[in-house]
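Single-structure report; data block below.
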């Protein structure tokens with residue numbers, strides 16, 4: 001999204017995702033802006049946050065409203081940086097980190113079959129080795145399906161076996177040159193997550209991501225206490241209120257706020273400060289575009305407890321921000337350019353509008369398949385190629 005001041009400065013922001021369709025979300029964004037931000041000084045981040053957070057006698061985390069506000073708030077910081085000719089990180093504490101460790105999801109290589117890749121440990125190992133050759137020191141994968149609306153389920157034995165095979169093959173391919181990041185998208189019951197996590201322990205993953213649905217931190221804490229793999233969570237959470245519950249219950253040692261949903265840059269800076277007091281680390285999540293990525297990098301540059309940042313490298317994303325931020329040898333150097341440090345190719349963006357009606361990752365209605373196994377195709381389903 002694009003904001004313009006009465007002095008002609010423009011700022012860019014991005015929402016991560018919402019539980020309503022794209023057309024409805026557009027109206028939500030406009031409503032949040034008109035009610036709480038239009039005509040306001042972009043410096044008054046705290047005031048605008050409290051207006052949006054409290055609107056309608058709410059004063060509690062609202063995923064859709066705070067998602068809309070997050071993108072708008074990021075745009076305000078872009079404006080403030082440009083107005084002062086300084087990068088955003090210089091305005092929120094300065095540069096703590098000269099470079100940020102990057103990680104990437106495992107995607108098929110050109111010779112891989114896209115439909116087979118997600119259940120092929122040998123192909124995942126090849127992709128991991130390729131990432132390491134390009135300098136990455138951490139890779140993420142999530143072979144244990146299905147992605148179901150039914151809440152937590154007990155994994156099929158075949159899913160546990162496949163998950164172990166993935167970890168074994170990838171660990172053999174990368175050795176100690178890279179960390180393994182095991183994702184689950186909150187699919188399992190507490191008992192199922194413990195059962196799966198304990199099976200993965202011999203391969204020493206750096207994290208066990210969102211092992212149970214994120215609406216019950218006490219149960220996630222039970223997983224954290226029972227599995228010798230650090231638990232990570234936060235992609236589906238918003239504001240310090242929800243992240244505080246993660247820390248207070250001991251549910252996770254690694255927080256993964258998505259800045260286009262978590263409340264924006266200033267709110268996530270507070271989340272990072274809360275995490276410091278619990279000796280927890282931050283690994284900003286990314287399953288959006290390069291504007292949210294730019295915000296993640298600005299935050300990461302300014303905090304002492306950054307672990308790493310997720311990165312999605314595509315030619316289209318690179319072109320959208322004209323190559324302003326790139327992963328080099330597995331790390332990102334925070335840009336010194338004003339604001340978010342990017343220049344958005346608006347013509348390119350307008351030439352490629354999203355015309356679908358689908359939400360983020362669509363959850364399926366079918367239950368876990370205990371006979372023929374399951375497959376989750378990650379962020380690049382076969383229908384897209």
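The values are calculated or read from the model by the stated rules, or taken from the named source; none is laboratory data. Everything quoted here is computed from the prediction, not taken from an experiment. Positions of Cβ are backbone-derived with ideal geometry, glycine not excepted, and every protein chain shown enters the neighbour counts.
Checked against the criterion of being at pLDDT 95 or above, surrounded by fewer than 14 Cβ atoms within 10 Å (Cβ to Cβ) and closer than 20 Å to residue 99 by Cα, the candidates 292, 328 yield just one match: 328. Only residues that are touching a residue at least 60 places away in the same chain (Cβ under 8 Å) and buried (at least 17 other Cβ atoms within 10 Å of the Cβ) were counted in the stretch 295-318, giving 15. Restricting 367, 353 to residues that are surrounded by 12 or more Cβ atoms within 10 Å (Cβ to Cβ) and either at pLDDT 95 or above or part of a loop (DSSP other than H, G, I, E, B) (or both) narrows the list to 367.
Could you list, in sequence order, all residues of the stretch 64-83 that are buried (at least 18 other Cβ atoms within 10 Å of the Cβ) and more than 16 Å from residue 26 (Cβ to Cβ)? Residues satisfying the conditions are 66, 73, 74, 76, 77, 78, 79, 80, 81, 82.
Across the stretch 1-25, the qualifying residues are those that are more than 21 Å from the chain's Cα centre (by Cα) and more than 28 Å from residue 84 (Cα to Cα), and the one among them that is surrounded by the most Cβ atoms within 10 Å (Cβ to Cβ) is 24. Tell me whether the stretch 274-282 contains one or more residues that are farther than 28 Å from residue 118 by Cα, over 15 Å from the mean Cα position of the chain (by Cα) and surrounded by 21 or more Cβ atoms within 10 Å (Cβ to Cβ). Checked the stretch 274-282: at least one residue is farther than 28 Å from residue 118 by Cα, over 15 Å from the mean Cα position of the chain (by Cα) and surrounded by 21 or more Cβ atoms within 10 Å (Cβ to Cβ).
Among the numbered conditions (1) in a loop (DSSP other than H, G, I, E, B); (2) in contact (Cβ under 8 Å) with a residue 40 or more places away in the chain, the only one that residue 324 does not meet is (2). Within the stretch 16-30, if we keep just the residues that are at pLDDT 95 or above and in contact with a helix residue (DSSP H, G or I) (Cβ under 8 Å, 6 or more places away or on another chain), the residue that is farthest from residue 70 (Cα to Cα) turns out to be 28. The set of residues in the stretch 271-282 being assigned to a loop (DSSP other than H, G, I, E, B) and out of contact with any helix residue (DSSP H, G or I) (no Cβ under 9 Å at 6 or more places or on another chain) consists of 279 alone.
Within the stretch 52-74, is even one residue at pLDDT 95 or above and more than 23 Å from the chain's Cα centre (by Cα)? Checked against the condition, which is being at pLDDT 95 or above and more than 23 Å from the chain's Cα centre (by Cα), the stretch 52-74 yields at least one hit. Scanning the stretch 152-172 for residues that are buried (at least 19 other Cβ atoms within 10 Å of the Cβ), part of a loop (DSSP other than H, G, I, E, B) and in contact with a helix residue (DSSP H, G or I) (Cβ under 6 Å, 6 or more places away or on another chain) yields a count of 1.
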